[in-house]
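Bear in mind these aren't lab numbers, they're just calculated from the coordinates by the rules spelled out. Everything numeric in this text was worked out from a predicted model, so none of it was measured. Here the Cβ is made from the backbone with ideal geometry for all residues, glycine too, and neighbour counts use every protein chain on show.
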Ligand code: NDP
């Protein structure tokens, strides 16, 4: 059965599910609910293709992935429309997501050889008779499990780098964005016709169980998961059955620190974009702001003015932000807003009434207790908490006082790098927001409850490989110590050498 074509109707043998447009609730696609047998077959086919793909070498893969990049560019608007129809995000947000994903693909295909090619390393004095080489070999099949909020950009952080490193991919998109996954695989199939015989990117659709089946499928070399921390734990547990390694990219509660010497207008603009764009459904979105007292009034005035201007899309026209892609997320946002206000927070933009059934107008709340759910839990909605702090030290202390550690933002004219170095997280933007995600050479990932492992950059390429070390003996040493033929004299000479070299 083709895994990129949706069946016409749901039957007992071939069950399907609908994907909906969050703006209207209308069905925009119907996709198979793939079972364990289908997933295992997809992995087995991808494993066979992986041999062909690896043998093509860096140059062969680069050429073909370059062709894919061109098709993605040519079909950018068409794909953006698919993203908009399944996420509800504004068309230009969908296009921005695609632009960034294409730039990452370009970086991965151009840099894979330089980062991963076989290289010689120094064997050291004791093993001077050896030629030592290190190669980064692909795992074979990478199982990619993606979320719905950036249904192209986020999984492509794994898919593009995994393919460039010589793996094939079986991709399980979110049940909210299966059509985007299918469209992405179609563009690759169009760009690389050989993939009809050698499936490079296979999409399996369905609910959580389909993802769980992928985690447990024999032959998966690594699972690259992006999603919530709770599901990340389940993925690790399932993958542990086969000792399948995992890359876990989870949620965050990213802080933005405004220092006394910050450009206040720029910091406020960044806070509003970072907190509200994509309706706040961004893993590295700004959720908490710590602003130093001396500049807090000016900052808040600018944030308030910026956030009040934002408009939510209607059915007929794009606004600044779309509806909530997952309607049930409004319950989380409502709970956080209500809790923050009941516990003394002051809403300066919007309030509890801003949270509708399917969309949320921007909300900014100040002076929110640090132990309220709006500060401690991921909100994933257009809610910005702004708390005043006496100084930068207190801002850093509060920024770090959460189990999450994904990204962070710092606004300071002189101390940006110093403050960044004190933050417990994987990525920091200084005097900009979310900039790190758009720089392909920079690794992306978190610590703590935000997960581990890295996509993007050289680390992201290596993440989809296993280092293979080879030591080749060039000539025999006069003193053989790794042989039953060794002599006491030989060992004393060796120990003497080490004493001279390392003992002083
Ligand atoms: P979920 O954790 O609900 O789902 C993520 C993916 O896992 C989906 O494809 C889902 O399928 C699948 N899944 C569900 N159950 C299982 C299971 N038992 N085994 C394997 N796979 C399973 O996350 P969301 O889709 O709601 O995405 C939002 C979350 O993603 C937020 O927490 C956000 O912060 C995080 N995120 C992190 C990013 C990062 O790079 N760190 C980037 C983007 C988002 P299904 O949809 O069918 O249930």
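Diffusion coefficient of the chain by Stokes-Einstein, Kirkwood radius over Cα pairs, 20 °C, 1.002 mPa s: 88 µm²/s. Exposure proxy shown here: for 68, 148, the number of other Cβ atoms within 10 Å sets the order, fewest to most, as 148, 68.
For the stretch 455-469, the residues whose amide N sits under 19 Å from a probe point set 7 Å from the Cα of residue 121 along the beta carbon direction are 458-469. From the largest down, the stretch 42-164 spans 63, 30, 25 angstrom on the principal axes of its Cα atoms.
Contour minus end-to-end for residue 233 and residue 298, with contour as 0.36 nm per residue of separation and end-to-end as the Cα-Cα distance?
19.2 nm
Put in line by how crowded their Cβ is, counting other Cβ atoms within 10 Å and starting with the fewest, 40, 119 read 119, 40. For the stretch 20-109, the square roots of the Cα gyration tensor eigenvalues, ordered a ≥ b ≥ c, give a/c of at least 1.5 with a/b no greater than b/c, which places it in the oblate category. Relative intensity of the stretch 298-434 on a log10 scale, I(q)/I(0) at q = 0.10, 0.15, 0.20 Å⁻¹, equals -0.37, -0.82, -1.32, per a Debye sum over C-alpha point scatterers of equal strength in the absence of solvent.
Per-residue packing, averaged as other Cβ atoms within 10 Å, sorts the ranges 258-267, 208-217, 374-383 into the order 374-383, 208-217, 258-267, beginning with the highest. Placing a label point 7 Å from the Cα of residue 475 along the Cα-to-Cβ direction, the residues of the stretch 122-159 whose backbone N falls under 14 Å of that point are 128-131.
Sorted on the mean count of surrounding Cβ atoms within 10 Å across their residues, most packed first, peptides 58-66, 492-500 read 58-66, 492-500.
Taken as Cα centroids, the stretch 419-476 and the stretch 107-165 sit 11 Å apart, rounded to the nearest whole angstrom. Label zone of residue 48 (point 7 Å out along Cα→Cβ, amide N under 19 Å): in the stretch 172-203 this covers 189, 193-203. With R₀ fixed at 25 Å, the C-beta to C-beta distance from residue 435 to residue 400 puts the FRET efficiency at about 0.75. Considering helices alone, the calculated mean residue ellipticity of the chain at 222 nm is -13000 deg cm²/dmol, with DSSP H runs of length four and up weighted by -39500 (n - 2.57) and normalised per residue. Diffusion coefficient (Stokes-Einstein, Kirkwood radius over C-alpha pairs, 10 °C, 1.306 mPa s) for the stretch 410-504: 86 µm²/s, rounded to a whole number. Take every DSSP beta bridge with both residues inside the chain and express the antiparallel ones as a percent of the total, to the nearest 5. Percent antiparallel among DSSP bridges in the chain is about 40.
Here the gap between residue 452 and residue 418, fully extended at 0.36 nm per residue and compared with their Cα-Cα distance, gives a gain of 9.9 nm.
Efficiency by 1/(1 + (r/R0)^6): what FRET value for residue 309 and residue 70, r their Cβ-Cβ distance, R0 = 51 Å, to the nearest 0.05?
0.85
Protection proxy ranking for 223-233, 415-425, 176-186, using the average of other Cβ atoms within 10 Å per residue and placing the highest first: 176-186, 223-233, 415-425.
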